[in-house]
Each structure stands twice: as C-alpha cells, then as structure tokens.
Amino acid sequence: MPMSDLTVLRGGTVVTAVDTFPADVWLEGGTILALARHDQDLGFSPSRTVEINARGKYVLPGGIDAHTHLDMPFGGTTSSDDFETGTRAAAHGGTTTLVDFAIQTKGQALRQGLDAWHAKAEGKAAIDYGFHMITTDVNPSTVAEMGQLVREGITSFKLFMAYPGVLYVDDGQIFRAMQRARELDALICMHAENGIALDVLIEQALARGETAPKYHSLSRPQIAEAEGTHRALCLAEMAGAPVYIVHLSAPRALEKVLEARDRGQAAFAETCPQYLFCSLDDLAREGFEGAKYVCTPPLRPREMQADLWRGLKTNDLQVVSTDHCPFCFKGQKDLGRESFAKIPNGMPGVETRLYLLWDGGVNTGRISMNRFVEITSTAPAKIFGLYPRKGTVAVGADADLLVWDPEKVHTLDHKNMHMRVDYSPYEGKTVKGGPSHVLSRGKVVIEDGAFKGRAGDGRFVRRGTFNLY
Ligand code: URP
Ligand code: ZN
Ligand code: ZN
C-alpha cells in the first residue's frame, strides 16, 4: 500500500517518564507511527523519508508548560510576550504545548474572556495550546457557564486568594466553584496566599519607608502561602474536588500538600524554576535590579530551595511549570521605582525551563532523566487532560518530540534567547543539555537553534476532564 511521507528520528535513545530504551521513532502525518529497534527494516515504502540524526542523543516528549500568561493585562501594563513571540520562544526551549490563562473580567461572562483569549492566540501560536479560565466572579451565571467551558475543553479554572480588588475571590466563591468542579470533573487551580492579610503587611512596610524590591518578599512571608494552601486543601476536601496549587514557593506550603496527599486527598502542586534557581538574594540586588525578580509568591531565602528539590524527587510536587509572565525592565518593571507594590509581578521563563531543569536537576543527580520527563511533560499532560495524546513517546501519540543533545552548551543571556523581554534572570549562566530538534505534530519547528515553524500552525487543544482518581 502506498504511504505518505515519513519522518524517522534515527539512532537515538527514547526517554519517557518510565522507560529508557534505544529506538528509531517513525512519524507519519503528525503522529508517532512506530518505535523500532535501531535500523530494523519495518517494510515501510514511503514516497519520501526525512531522516533526523538522533545518534548520541535522547528522544523525549515535548515539554508541556501548564502555566503561562501571554498578552495579559496586569499590574498597569501587559505581559510583553504575545502568542507569537511567546510560543516561538517556548519552542526554542523545547516546549511544544502550553496552557495559558484566559481571564474573566469582573462583571462579564466567562465566554467574553475566553473569546478574547482565542482571538489573541489564533493565527499567532506556533505550537499547540490550551486555556485555563481565571474566574474572578463566581456567581450563579458563571457557575452555570463552567459546564459549557468544560465541554469546549477548558477543564481547569484558576482562582485567586491573592490580589484583593483585582483577581481575588472570597472563600464562599472558591467553595462554590469547587463544588461545581466536582460535578463537572474539572480541576481548580489555586493561587494560595492570604492576600487580605498581605495587603496589611504591604501597607505597613510602605509606611515604614520600605519601598525597595526586596520588601516584596519580606512583606509576603511563607506562612501566608502555607495558610492559603491549607485553606484551599480544606475547602477542596469539603467540596470533594481535586485541587492543584500553582507556583508553590515555600516549604511550609509544601508540608500542607504533603499532609493532604498522605491522607489520600486528590491534591497536586507545581513549583517553578525561579523558586529552584533564584532567591531573596536576587531581589536584594543593588539599585533597582531586584525588580527583575519580582513575582508572586515571592522568591524565598536560598536555603528553602532544598525542600522543593526534595519534593520534586519524592513526588510531593508533581509538576514544574514556568508562570511565564514577562515584563521589560525598562518601561514596565520601572513603574515600581518608588514602591515595590507597583512593580508588575512576574518573570520570564517559558524558554529556559528545560535547560535549567536538565542542567540543575539531571546533570547534578537531583532527578533522573525519567523524572525530568515526568515533571515537565507527562504529569502536566495527565493532570490537565492532554494524555496520552501528548506527554509521552508512544505509537498514536502526537509527534511532539525533542531530540535532546546532552552535550549542547548554551548561555542563558537574553541576547541568546527569543522571549520579548530586555533581560534574563539568568544572565551569564551557562547550561549543558538542550534540544537540537523540536517537532510539533511531526513538523520540525526548531533545528539547531533556527526557527522553522510558522505563526498560526499551533492549534487549540480541547483538553479532557480530570480523571486521575
Ligand atoms: O508574579 C506572578 N506570578 N504573576 C502572574 C500572575 C500569577 O499570580 O500567576
Ligand atoms: Zn498566581
Ligand atoms: Zn501565574
């Protein structure tokens, strides 16, 4: 039977969340057709075979970043990457799917926010994408609307205990949304910090003249995050709903997740590279440099990082996402020169996640290659309803693949990268290990550092409902 064109990733070692084995990976029409012993003749007779040399390299499932904020109005400005620049940068770093946060404007329907995000992404995204829905107004009408969104593949909703007056919702709204999530098999993602109490601490710090960037962290102690996390877990248990704690930054909050999981609760949590590789020392850099490191929850004292690494190793933390929310130093971060409270919250990271975790995780022996794949691809795919279409290397799965060169050396300067932001939190840092080829549904989008993809080739992915328990 005549076949269409095939692609083969030849001679590499496939790494999934559970296995490491030598295999050629055959692709047809955007999906994985076959895995075969090296140079085994499968009897295929395509009109043309495109060969990609993976000898001496690994073949991994593409990264899934379950937490990005592209083109998001926030903090008096808008995050500097849109879907074109942000997805292109993601591809450069080996991420082939992202789940961005659409936002409901208070007083409007969820639908309006969702439509706005579809319009931002369509024709621009270079890789596949889905949406979570940030719900800022939980009322009978939006609770009803959640069902329609789930049917359209928006199967997770983010709620904020932080940012009073902006994104904040109260406990009653959180509980009601969780009850509805239970009915719909949807997942609530929680920004778990006690924003009401933190606003008091921020006001008091500013009254004492503590305006520099480091006070962003000093006025947001980890106990506020632990309390929020505990409350989110209790409300989820009362509602009988699963819950996912986003951007967990601190050991006391992690303890709460661990306790809940030990009791058998459907509780999940992610951390982000900035909490593993940056710290309060960066926020305290000279002059206004610390503004580059303002994100929420804030960076913590360096000694807290060890607990997060332990959590990743022992599966108390299941995912590393980026919370990519970039703002330029000039013209955006400097809105807060007079007061840390006015610095737009967020850091760039969609391009650097896999480099950092391989170099700082796999190369140092903190995590295995399989665990690397699990926390950056397979676990987010399972938790957010993308698996098994994405998140693994298996026959029939989307051919979202990386040829990963463990010898590739790369410096994480902003000039070497593709995010639309005028700084890198990791300026001057050299890492070893990175993608030589990135494939999105079988098409090469990155080859040896060159972008071969196209804005608009990325497709919206309807995600499945939560089914891990
Ligand atoms: O600083 C952050 N994290 N900015 C993005 C908004 C959020 O809370 O995730
Ligand atoms: Zn958040
Ligand atoms: Zn975020």
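Bear in mind these aren't lab numbers, they're just calculated from the coordinates by the rules spelled out. These numbers were taken from a predicted model, which means no experiment stands behind them. We place every Cβ from the backbone using ideal geometry, glycine too, and count neighbours over all the protein chains shown.
Expressed as a whole percent, the proportion of Cα-Cα pairs in segment 186-245 lying more than 14 Å apart is 60%. What the phi angles of segment 33-43 give under the Karplus curve with 6.51, -1.76 and 1.60, with θ = phi - 60°, is a coupling list of 8, 7, 10, 9, 4, 3, 6, 5, 8, 8, x Hz, glycine and proline written as x.
Distance from the Cα centroid of segment 82-117 to that of segment 333-361 is 18 Å (rounded to whole angstrom).
Run down the lysines and flag those whose C-alpha is under 17 Å from the C-alpha of Lys415, throwing out any fewer than 8 positions away in its chain. List returned: Lys292, Lys330, Lys429.
Computed over segment 206-300, the percent of Cα pairs more than 23 Å apart is 33.
Applying the criteria of a DSSP loop state and at most 16 other Cβ atoms within 10 Å to the trypsin sites (Lys or Arg not before Pro) of segment 191-260 yields Arg208. Here the label points at Val50 and Asp171, each 7 Å from Cα along the C-beta direction, are separated by 5.6 nm in the simple model.
Straight-line cross-link partners of Lys390 among the lysines, defined as a Cα under 24 Å from its Cα and at least 8 positions apart when in the same chain: Lys57, Lys120, Lys124, Lys158, Lys313, Lys382, Lys443, Lys452. Taking every Cα-Cα distance in segment 305-442 and sorting them into 10 Å bins from zero, the calculated P(r) comes out as 11, 34, 35, 17, 3, 0 percent. In whole Å, what is the distance between the alpha-carbon centres of segment 267-325 and segment 162-203? That distance is 21 Å. Within the chain, antiparallel bridges make up roughly 45 percent of the DSSP beta bridges whose residues both belong there. The relative contact order of the chain comes to 22 percent, based on Cα pairs under 8 Å that sit 6 or more residues apart.
Of the three principal axes defined by the Cα atoms of the chain, the extents in descending order read 73, 50, 42 Å.
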